[in-house]
Amino acid sequence: MFETSESYDSGLPMKPETARRILDEVDYEFERKAPPEWYPDVPRIPAARYSDPDFFALEQQAFRKCWFTVGTVHELPEVGSYKLVDRWNGAAIFVVRGEDNEIRGFWNACAHRGGPVLTGEDGHCGVEQRLQCAIHSWTYGLDGKLVGLPGRRDFHENLDRNAAGLPAVRCEVWRGFIFVNLDLDAPDLIDWLGPVADEATWFDGLRSVGSSSFVLNCNWKLAIEANIEVYHVTTVHPDTVALTIDYRGSAEELYQRGHSRMIVPDKDYDSQKTRKAAEDDPVFALMRNSNVSYLMFPNHLTPGGARADGTVSMTLQSFWPISPNQTLSEWSVMVPDWGEGPPPEKSSAVVDGYTRIMHEDTGYLEHVQKAIESGAIKGLLTSYHERRVYHHEASIDRMIGVEHVPEHLRVQQILPVVDEN
Ligand code: FES
Ligand SMILES: [Fe+2]
């Protein structure tokens, strides 16, 4: 299992020296004629990792130990506001704002015999601020404590009401994003995110202007890994993304616990101009002249950047496994909180534009899935530029526990990651 780190101060913005170092890396990437000498000749990724049901089951177990974001605090504006989330191929969980304003997470599973205490996707618990099971009306407070037990006389006197609360999941809020973890013994979120929490401070206050989703007929890793390299951009997005970024300058960083970062310079990137701007504000200069994206392991991507008015925007993409060859892909376009009232105009146009790009990104994945399932392709090759893909796969093995991964499916733990200490 991964070690935790206390060396990151998540209260600081991305450090100016980090932004300057990234600008150096972008220049290096544009100039290089081959992979750097330190880069190993990585083997192919065994294709069966994307189709084998037993490996899928191992991944599902690993998913129960990871942190996932399920939305932002804006979606739970009042005491009693809740959101149901069913993304783990099992009973749903929900997050709810308590009377003390804390946001907590629970399984939607009554402590009596497992009935649902919530049925709508999201909403409000009502004026009584109670959660009531649909089967025998056991009732819980917003903190999950059992407060109403009809027919108490029929239960044995040993029944401990204090031990019969709703089963909890871990829930933490970071920069307005609500995260949950099904593992009560998981490391704290801030330790899990590590350098992502340190750098991605611009996520603060972002709020969704719109979202969309579709189900893909491919493995979840094919879906996310199609989006963590930009080698494909000139072929797959000739009329959209390729007009805005230049993949040759992309600078990537691999972090512990499976996270990674990719900075892709704009199409008309001018190193001298960006460096000049960086003398005043390196972080803004970087974000204004490139697309900055994190992979928050295992299944969230956050491509974004700074806009001309100095604000930032970001698209949160999530890929949820349904079966070895089915994936729920969902995305939310996020902008700074606009306060009261409806979202800013043009929000639907922004979401539609992103939907087009998502269709471009995923249009060929069913083909790839079939190529894998038919045995036409035994292994997937990744270049230096595509090293986030290999890192993602290696991190999944570490999360499962390398010793539990059948030898013929393992990937090697050979890529160096940033040392946090
Ligand atoms: S299952 Fe919930 S009250 Fe019986
Ligand atoms: Fe793409």
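Observations
- Helix 16-31 vs. the chain, principal-axis angle (Cα, 0 to 90°, nearest 10): 50
- Of all aspartates and glutamates in the structure, those lying under 14 Å Cα to Cα from Lys15, and not within fewer than 8 positions of it along the same chain, are Asp198, Glu199, Glu279, Asp280, Asp281.
- Shown are Leu286, Leu159, whose ranking by accessible area with a 1.4 Å probe and every protein chain present, most to least, is Leu159, Leu286.
- With bins 5 Å wide beginning at 0, the percent of Cα pairs of segment 166-293 falling in each bin runs 2, 8, 13, 16, 19, 19, 12, 6, 4, 1, 0, 0.
- Among the chymotrypsin sites (Phe, Trp or Tyr not before Pro) in segment 98-178, those located in a DSSP loop and surrounded by at most 14 other Cβ atoms within 10 Å of their own Cβ are Phe155.
- Using 0.36 nm per residue and subtracting the Cα-Cα separation, the extra length available between His112 and Ala163 on full extension is 17.3 nm.
- 0 to 90° range, to nearest 10: angle between helix 53-63 axis and the chain longest Cα axis: 80
- If the chain linking Lys346 and His136 were pulled fully straight, counting 0.36 nm for each residue of separation and taking away their Cα-Cα distance, it would gain 70.9 nm.
- Segment 321-374 has equivalent-ellipsoid semi-axes of 33, 13, 6 Å, by the square roots of 5 times the alpha carbon gyration tensor eigenvalues, sorted largest first.
- Computed from the Cβ-Cβ distance with R0 of 41 Å, the FRET efficiency linking Leu415 to Gln60 stands at 0.95.
- Extended-chain gain in nm, criterion 0.36 nm per residue less alpha-carbon gap, Tyr364 and Leu243: 41.5 nm
- For segment 379-421, the residues whose backbone nitrogen is under 15 Å from a point 7 Å from the Cα of Arg32, taken along Cα to Cβ, are 382-391, 415-418.
- Cα convex hull volume per residue for segment 68-175 (Å³): 104
- Centre separation in Å (Cα based) which lies between segment 81-141 and segment 315-349: 23
- Cβ-derived FRET efficiency at R0 41 Å, Val127 paired with Ser271, nearest 0.05: 0.10
- Cα→Cβ-extended label distance, 7 Å offset, between Thr235 and Phe155, nm: 6.0
- When the Cα atoms of the chain are aligned to their principal axes, the ranges along those axes come out at 79, 52, 41 Å in descending order.
- The chain: most fluctuating residue of Val127, Val215, Val402 per GNM, C-alpha cutoff 10 Å: Val127
- Taking amide H atoms as placed 1.01 Å from N in the peptide plane, the amide H of Arg207 lies under 5 Å from those of Val335, Asp337, each 5 or more residues away in sequence or on another chain.
- Cysteines having no other Cys beta carbon under 4.7 Å from their own, within the chain: Cys66, Cys125, Cys171, Cys218
- The chain: calculated mean residue ellipticity at 222 nm from DSSP helix runs of at least 4, using -39500 (n - 2.57): -7000 deg cm²/dmol
- For segment 230-307: accessible area per residue (Å², 1.4 Å): 38
- Relative to the dominant Cα principal axis of the chain, helix 387-400 is inclined by about 30°.
- Straight Cα distances below 20 angstrom link Lys221 to the lysines Lys65, Lys370, Lys378, with same-chain residues fewer than 8 positions distant left out.
- For segment 224-308, alpha-carbon Rg over 2.2 N^0.38 Å: 1.11
- Taking a point 7 Å from the Cα of Asp183 along the Cα-to-Cβ direction, the residues of segment 386-407 with backbone N closer than 11 Å to it are 398-401.
- Selection from Ile357, Val335, Ala394 lying farthest towards where the dipole of segment 334-405 points positive, charges on Cβ: Ala394
The values are calculated or read from the model by the stated rules, or taken from the named source; none is laboratory data. Quick caveat, the model's predicted, so the values are computed rather than measured. A quick note on method: Cβ atoms are made from the backbone with ideal geometry, for glycine too, and the neighbour counts reach across all protein chains shown. Only protein heavy atoms, including side chains, enter the accessible area calculation; ligands, DNA and RNA are left aside. Shrake-Rupley method; radii C 1.70, N 1.55, O 1.52, S 1.80 Å.
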